[in-house]
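Every read-out reported here was derived from the displayed coordinates using simple, explicitly stated rules and does not represent laboratory data. Predicted, not measured: the structure shown is a model, and the values here were computed from it. Positions of Cβ are backbone-derived with ideal geometry, glycine not excepted, and every protein chain shown enters the neighbour counts.
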Amino acid sequence: MSYRVLLQTIESMLRSEGCKTKAESNNVLLFKCIHEDVEYSFALEIDSISGYVRISLLTDYAYEGDYKNISAKNFELYGIKVAIDPEGYLAFIAEIPLICLTKGGIDIILNLINLLEKTIKLI
């Protein structure tokens with residue numbers, strides 16, 4: 001399955017869940033989902049070089065503090081990375097091997113979205 005077809009399949013699934021989507025390229029999909037009256041913005045990227053799918057939960061929380069705290073969170077949270085985007089906002093990132101989607105099914109994307117939404121509430 002080509003990456004474009006995989007992205008279209010994921011986009012279809014997300015739309016059926018009520019998310020608004022926008023394909024940026026053959027390997028990047030932006031989408032917004034509403035959960036418990038809160039709108040979350042995500043970016044999904046298929047990295048063909050590393051063989052991973054990356055889902056980022058983009059926030060509007062400007063980070064002002066010691067970067068050591070962000071580094072510490074990366075060791076506390078299993079499977080989730082905390083980063084600061086170029087504009088200074090927090091982002092939460094989950095990565096899975098591409099083979100998990102091709103062999104296990106794309107519904108794993110919904111599980112990762114739920115995990116990211118729960119993680120943001122812990123921070």
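Only a single criterion out of (1) in a strand (DSSP E or B); (2) under 13 Å from the mean Cα position of the chain (by Cα) is not satisfied by Tyr61, namely (2). Note on segment 1-11: residues that are surrounded by fewer than 12 Cβ atoms within 10 Å (Cβ to Cβ) and over 17 Å from Tyr52 (Cα atoms) total 0. Inside segment 80-122, can you point out the residues that are exposed (fewer than 13 other Cβ atoms within 10 Å of the Cβ), of a type in the set (Gly, Ala, Ser) and either touching an Asp or Glu at 6+ places or on another chain (Cβ under 6 Å) or over 23 Å from Glu11 (Cα atoms) (or both)? The one that is exposed (fewer than 13 other Cβ atoms within 10 Å of the Cβ), of a type in the set (Gly, Ala, Ser) and either touching an Asp or Glu at 6+ places or on another chain (Cβ under 6 Å) or over 23 Å from Glu11 (Cα atoms) (or both): Gly88.
Given the criteria under 21 Å from Lys121 (Cα atoms) and surrounded by 15 or more Cβ atoms within 10 Å (Cβ to Cβ), does Leu58 qualify? When the stated conditions are applied, Leu58 passes them.
Taken together, Ala91, Ala62 contain a single residue that is within 19 Å of Lys32 (Cβ to Cβ) and aliphatic (A, V, I, L, M), which is Ala91. Just to verify a result, which residue in segment 13-40, among those that are surrounded by 12 or more Cβ atoms within 10 Å (Cβ to Cβ) and assigned to a helix (DSSP H, G or I), is nearest to the chain's Cα centre (by Cα)? Going through the qualifying residues, I end up with Leu14.
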